[in-house]
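Worksheet: one structure, shown below.
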Amino acid sequence: MEDINKIQELSESDIYVLLKQNEADRIFAENIIMNRRSGKDPYAKGDFRLNFYKEVMSDMYIDGFVMTYPHGTIVRQAKRSFYYRGENQLYSTTSPSLCRFLKNIENEEERAVERFVADMKIAEYKSLLFKFQHTTDIWEKGVSILSEQLAQHYGLKTHWLDITNDFEVALFFACCKYNKDNNTWLPLVKSDFNENENTQYGIIFKNNTELSDLFLGCDSTFEGKILPIGFQPFMRSHMQTGYAMLMNDQMDLQNNSGFEMYKFKHSEKLCNLIYKKMNRGKKIYPHEGLNSVKDQIELIEQCREFSHEAFEYAYSKADQKIDIGDWEQLLTKHQYYIGKSPINLSRQRIRAVNRAYEKFDIEKTYNIKLVSRLCYIPK
């Protein structure tokens, strides 16, 4: 854990400057999109080569630009100046949920089993997604369904850490808390941030997008790279302008040299301001199809029995030095079993979600235009 006294502090005026910069980024991208849609010829005047480069660079600011990354083909959201992560207090570590969970397990065998189980849960979650025609329709458009990154957004443990390029989203998470009892978000109050020295401050992580994106092409590894989630089935990830960073068990964002780490003094005024600005959380936690099957996601998280398909998926990602039969014995030893899927979804419930998205059109619903750019890669 970082020493709270050594972290750079943001004043309230600094927060407002960042909010203003965030709004300027949004408007800048909107203007580029409007120019594209107007049909204006980008090559009408001046140097053709320069105008071509300007147009190619502006692709990154287009909502709906389809681009292939190492983790899949993504419908991008507009680029902004910085990547952010917000936390409502200084935690002992800033790492993905699965990394934190595994760190608390001392036994090496048990740790390996729980890692395997986490992958089976991802496979079951993917199976749940594909029970709905809405998911298949988007997949058939050539968009990769990022089940692992989406699972993180819906409460399953993964090696991916949530990142955003929208400062308002990061500030919301730094100023609000989730109430599990009634499934709502609430602004922090004095009793929340007066518990101890570390709860007195919200934490903001900030990373320059230009510098960070340069590292994407440096090597073929995913770890430590910030990758877009974009427009996916259902709405939560893109409403949070979601990005994700794959991290291993040793990584901690607090020790990442690419991110600047800031603290700001909590106040009820600021917490209420961002809470209202984000419509009490509804702007980033909208009512959407997966809300109606929240119980199924909870079943996946709590289950002890998994389908053979989930087992095979997890085995494909596991240590191949251990035979597939030995893995099944290891799971049984730790009271996990291979048999049937935990998903228990009636046809009526599936049809209800399908009906809700029957007239869904990704371009009309999100006011985007799916565009891409053909590239020639010399041999």
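What the table below lists for this structure:
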| read-out | value |
| --- | --- |
| Some residue of region 123-138 being out of contact with any helix residue (DSSP H, G or I) (no Cβ under 8 Å at 6 or more places or on another chain), assigned by TED's automatic domain parsing to the domain that holds F259 and either part of a helix (DSSP H, G or I) or farther than 22 Å from A356 by Cβ (or both) | no |
| Inter-residue pairs, beta-carbon under 6 Å, first more than 17 Å from L370 (Cα to Cα) and in region 30-43, second in a helix (DSSP H, G or I), 6+ apart | P42/N51; P42/E55; Y43/N51 |
| Hits in region 301-325 - residues which are more than 21 Å from K157 (Cβ to Cβ) and touching a strand residue (DSSP E or B) at 6+ places or on another chain (Cβ under 7 Å) | H308 |
| 3 or more residues crowded, with 19+ Cβ neighbours inside 10 Å, modelled with pLDDT of 95 or more and of a type outside the set (G, A, S): qualifying strands (runs of 3 or more DSSP E) within region 1-115 | 82-87 |
| Residue within region 157-179 that is closer than 24 Å to Q77 by Cα, hydroxyl-bearing (S, T, Y) and in a strand (DSSP E or B) present | yes |
| Residue in region 328-340 that is outside the structural domain of G242 (by TED's automatic domain parsing), closer than 30 Å to K177 by Cβ and modelled with pLDDT of 95 or more present | no |
| Residue match in region 212-220 (condition: out of contact with any Phe, Trp or Tyr (no Cβ under 9 Å at 6 or more places or on another chain), under 26 Å from K369 (Cβ atoms) and part of a helix (DSSP H, G or I)) | yes |
| Some residue of region 186-193 being part of a helix (DSSP H, G or I) and without any contact (Cβ under 8 Å) to a residue 12 or more places away in the chain | yes |
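The values are calculated or read from the model by the stated rules, or taken from the named source; none is laboratory data. None of the values given here were measured: they were computed from a predicted structure. Cβ coordinates were reconstructed from backbone atoms using ideal geometry, including for glycine residues, and neighbour counts include every protein chain displayed.
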